[in-house]
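**Q** Sharing a structure here in C-alpha cells format.
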Amino acid sequence: MAAVIEKGNYHSKAQVIRREGSITKRWKDILVQLQQKRAQLGDIVNTLSVLRDIELVAQELRDLQVHN
C-alpha cells in the first residue's frame with residue numbers, strides 16, 4: 001500500500017511509509033513471540049505427558065504392592 005501511495009506522490013507519503021514500516025516490524029515481533037509461546041506450550045505438553053506416565057507407573061506399583 002505504501003508503495004502505491006509513493007508512486008502516486010500522495011500527500012504525507014513519508015508518514016504512510018514510516019507507519020507501514022512500523023506496523024510491519026510490530027507484526028514480525030508478534031510472530032516471533034507467538035513462535036516462542038508455541039514452543040513453550042510444546043514443552044509444557046511434553047512435561048505433562050511425562051508426569052502422566054509417571055503417575056500411571058506409580059499407580060501400577062501401588063497395585064502390585066497391594067496384591068503381594
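The values are calculated or read from the model by the stated rules, or taken from the named source; none is laboratory data. Owing to the predicted nature of the structure, the values given are computational and were not obtained by experimental measurement. FYI the Cβ positions are ideal-geometry reconstructions off the backbone, even for glycines, and counts take in every protein chain you see.
**Q** State all residues of the stretch 5-46 that are over 27 Å from the mean Cα position of the chain (by Cα) and acidic (Asp, Glu); if no residue qualifies, say none.
**A** GLU6 - this is the single residue of the stretch 5-46 that is over 27 Å from the mean Cα position of the chain (by Cα) and acidic (Asp, Glu).
**Q** Another question, then. Could you tell me which of the residues ILE5, ILE44, ILE23, ILE30 is assigned to a helix (DSSP H, G or I) and touching a residue at least 12 places away in the same chain (Cβ under 8 Å)? Spell out how you get there, then give the answer.
**A** On the way: ILE44 fails: touching a residue at least 12 places away in the same chain (Cβ under 8 Å); ILE23 fails: touching a residue at least 12 places away in the same chain (Cβ under 8 Å); ILE30 fails: touching a residue at least 12 places away in the same chain (Cβ under 8 Å).
Selected residue: ILE5, the only one of ILE5, ILE44, ILE23, ILE30 that is assigned to a helix (DSSP H, G or I) and touching a residue at least 12 places away in the same chain (Cβ under 8 Å).
**Q** Let me ask something else. Any chance the stretch 40-50 includes a residue that's modelled with pLDDT under 95 and among the charged types (D, E, K, R)?
**A** Looking through the stretch 40-50, none of the residues is modelled with pLDDT under 95 and among the charged types (D, E, K, R).
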